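Please read the structure below before turning to the comments.
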Amino acid sequence: MIVMKFGGSSVANAERIRHVADIIRGFADRRPVVVLSAMGDTTDDLLDAADAALTGVITLDAIEKLHKTTAKELGIATTDVDALLGELRTLLTGISMLREVTPRSRDYLVAFGERLSVRIMSAYLNSLNVRAEFRDAWDVGFISDSNYTSADLLPETWENIRKALGPYAAGKKGDGMAMPIVTGFIAKDEKGFITTLGRGGSDLTATIIGSALRVEEVQTWKDVDGILTTDPRIVKEARTVPVATYDEVAELAYFGAQVLHPRSMQPCLQTGTPVRVKNSYNIDAPGSIIVTSHEKAPSPVRAITTKKNVTLIDIVSTRMLGQYGFLAKVFESFATHSISVDVVATSEVSVSLTVDGKKANLAGLRHDLEKYASIDIKKDKAIVTVICDVRRSSYILAATFDVLARDNINVQMISQGASKVNISMICESDEAERVVRLLHESYFGKDGKGGFPIDGGLPPNGGR
């Protein structure tokens, strides 16, 4: 048994739905549970409709056109779609009368996207003689807290899923049981109100179903060939990483790569359920599989990612020499001002760290820290993160500093993550992409030639 999750671009229109249906049919013997996101830009269209309703204008034109046209092109009935569109119109009417969108009503609103997509997909699969039934997430046991727009699932969700989908999981080929087509991203709280699960919510829906049912693997189908060694927009020679660990993928996601949100991987990490990333536009590509640990020795470097618009803060206090509590005071100030820290490097009397340059308001923080330390704030920096085996850091750093020195690029800070799978460097924001290109060629070679050998030693002349 497997779980198959498809994102919005994979089900954006009738053509894409036909294609995804063919993919699903190809895996029918593995007894899939299918999880879907909203079609294309539907979530944005729903939010636009809410904005219009706040001005007294009720319009569903874009949403109605997409879903009705798709249903017509697929040759399926629109009964279930029409019912939901009617419910949506009632909600928008209420918003226009109250001139207000609360977090609770917003979640109710955006949930229509996923609810519409599963109804269309299940109807189309049935038209192809593949027995399927749409299931809103709460129908298979998804219960959350009431933190609207970013809800957390309650522990009983696991057992609820086993009860709701257990009979299907235990069934056999030819038993006539309908394939569940489940809404991603949404749940209901204990009061029965619809909630959304925040960033990575559809992936989280898939991974918690997969973990609860102990499936062979969770497949998340996207518009890329899996996890790549770097952003292909920066390095066109970027290649697929065939195997990565949960820790490595979590670090990639945190430092800017669009793979899987770390939160969505937690259920599979708990149960050791593999997650496979596949490309719905290129089904022959093998993709990437995410596992607990490597069974075979991988390349010393797995991938490179970068995060721009970073601010570097240097904090120095010679008065704290030999005194305990320096770091505690520093991070207490950051907590007071609700500023999240990305990368940290410390010594006895100094701390260098980075924060998100767009989100952080540093005026109050500077005022607090200047009471006991000197502060130097440097903007327009970037973090370049190397996902690697830090047990081989001597090899990796030797090649890194060799190639950067030859190109006159100065690394302003370096930090090794506690997870032992990343080394992060700080450089100027306008140098970040050049750094990524240089390092990618050094680590992986150019056009598939050169780079690090599998055993972790350096190529001749440090990869030159």
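Counting only alpha carbon atoms, the long axis of helix 103-127 and the longest principal axis of the chain meet at about 60°.
Please compute the alpha carbon radius of gyration of the chain, then divide it by the globular-protein estimate 2.2 N^0.38 Å. Two decimals is fine. The partial results should precede the final answer.
Working: Rg = 24.8 Å, N = 464, 2.2 N^0.38 = 22.7 Å.
Here the answer is 1.09, to two decimals.
Calculated from the alpha-carbon coordinates, segment 54-110 shows an Rg and a Dmax of 12.9, 38 Å respectively.
If you line up the long axis of helix 393-406 against the longest principal axis of the chain, both from Cα atoms, how many degrees apart are they, to the nearest 10? Roughly 80 degrees, rounded to the nearest 10. Residues whose amide H comes within less than 5 Å of that of VAL35, counting only those at least five positions distant or on another chain, are MET4, LYS5, PHE6, VAL182 (H built at 1.01 Å from N in the peptide plane). Along segment 235-247 the Karplus relation, 6.51 cos²θ - 1.76 cosθ + 1.60 evaluated at θ = phi - 60°, assigns HN-Hα couplings of 10, 5, 7, 3, 10, 6, 8, x, 9, 9, 8, 4, 4 Hz to successive residues, with x for each Gly and Pro. For a straight C-alpha distance cut-off of 14 angstrom, the aspartates and glutamates reachable from LYS371 (same-chain residues fewer than eight places away being disregarded) are GLU332. Taking the chain as the reference, fit the longest principal axis to its C-alpha atoms, fit the long axis of helix 201-213 to the helix C-alpha atoms, and give the angle between the two in degrees, 0 to 90, nearest 10. Here the helix axis deviates by roughly 80 degrees.
Give me the Kirkwood hydrodynamic radius of segment 124-219 in Å, from all C-alpha pairs, to one decimal place?
On the way: mean 1/r = 0.0720 Å⁻¹.
Across segment 124-219, the inverse of the average 1/r is 13.9 Å.
Ranked by accessible surface with a 1.4 Å probe, highest first, in what order do ARG131, ARG89 come? Walk me through the numbers on the way to the answer.
Numbers: ARG131 145, ARG89 100 Å².
Result of the area sort, largest leading: ARG131, ARG89.
Suppose all protein chains stay in the model; what accessible area per residue would a 1.4 Å probe give for the chain, in Å²?
Details: 20740 Å² over 464 residues.
Counting only protein heavy atoms, the per-residue value for the chain is 45 Å².
Put the Cα centre of segment 197-212 next to the Cα centre of segment 91-135 and the gap is 18 Å.
Run the helix sum for the chain: -39,500 (n - 2.57) per DSSP H stretch of 4+ residues, divided by residue count, reported at 222 nm to the nearest 500 deg cm²/dmol. Kindly include the intermediate steps, with their values, before the conclusion.
On the way: 13 runs with 177 residues, N = 464.
The per-residue figure over the chain is -12000 deg cm²/dmol.
Measuring with a 1.4 angstrom probe and ignoring ligands and nucleic acids, ASP247 comes out at about 80 Å² accessible. The accessible surface of the chain, taken with every protein chain in place and a 1.4 Å probe, is 49 percent carbon and sulfur. Checking the cross-link pairs LYS278/LYS420; LYS163/LYS359; LYS68/LYS308; LYS163/LYS191; LYS68/LYS236; LYS296/LYS446 against a 31 Å limit on the alpha carbon distance flags LYS163/LYS359; LYS68/LYS308; LYS68/LYS236 as lying beyond it. Computed with every protein chain present, the accessible area of CYS388 is close to 0 Å² [probe 1.4 Å].
The values are calculated or read from the model by the stated rules, or taken from the named source; none is laboratory data. Here the structure is a predicted model, which means the values were calculated and not measured. These accessible areas exclude ligands, DNA and RNA; they are computed on the full protein's heavy atoms, side chains included. Shrake-Rupley method; radii C 1.70, N 1.55, O 1.52, S 1.80 Å.
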